[in-house]
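What follows is calculated from the coordinates using simple rules that are stated; it is not laboratory data. Not measured: the values here are computed from a predicted model. Positions of Cβ are generated from backbone atoms using ideal geometry, with glycine treated the same way; all protein chains shown enter the neighbour counts.
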Amino acid sequence: MSTFRYTRWDEKVVAEAEGGPKVAHADVDFVYEGPLTGESRAQLLLHYRPDGTGTFVGYELLTGSFDGEAGSFVVAHNGTFDAGGIESTFEIRAGNEVVGAGAYKSGPSQEVPYTITSR
């Protein structure tokens, strides 16, 4: 099974309007299993709407392998979240190339299944 999980999540509010939106920054560590294998460090920017839903973008540096090729890869995320969980697409970058893409959707769980949609 292709999954990732966070092992550390350190989130801080950057700016917030009373009764309105807020912006937060999260410093996160992940562990991947599947076509992406290894450990990573991510920086995420989160936009919370007043109703608790929101969007996020982020980059992480994964050290391990993709499809059996060892190395370091940047994973670029673009997603949404609500009380039910998260949904996102991502690109896998090696050097100057996009070498793959994927997606994930999960409920409020630390263990998240992902799929690779292109190589």
Next on the checklist: Please arrange Leu61, Leu46 by how many other C-beta atoms lie within 10 Å of their C-beta, fewest to most.
Outcome noted: Leu61, Leu46
Checklist outcome for this item: Where a ≥ b ≥ c are root eigenvalues of the Cα gyration tensor, a/c under 1.5 meaning rounded, otherwise prolate if a/b exceeds b/c and oblate otherwise, the range 47-114 counts as prolate
Checklist entry - Rounded to two decimals, what is Rg over Rh for the chain when you use alpha-carbon atoms and the Kirkwood radius? => result 0.99
Item to check | the chain, dipole about Cα centre (Lys/Arg Cβ +1, Asp/Glu Cβ -1), debye to the nearest 20 | outcome: 80 debye
Checklist outcome for this item: Binned at 5 Å starting from 0, the alpha-carbon pair-distance distribution of the range 23-73 in whole percents comes out as 5, 20, 22, 17, 13, 11, 7, 3, 1
Item to check | Mean separation of Cα contacts under 8 Å (6+ apart) over length of the range 3-118, as relative contact order % | outcome: 18 percent
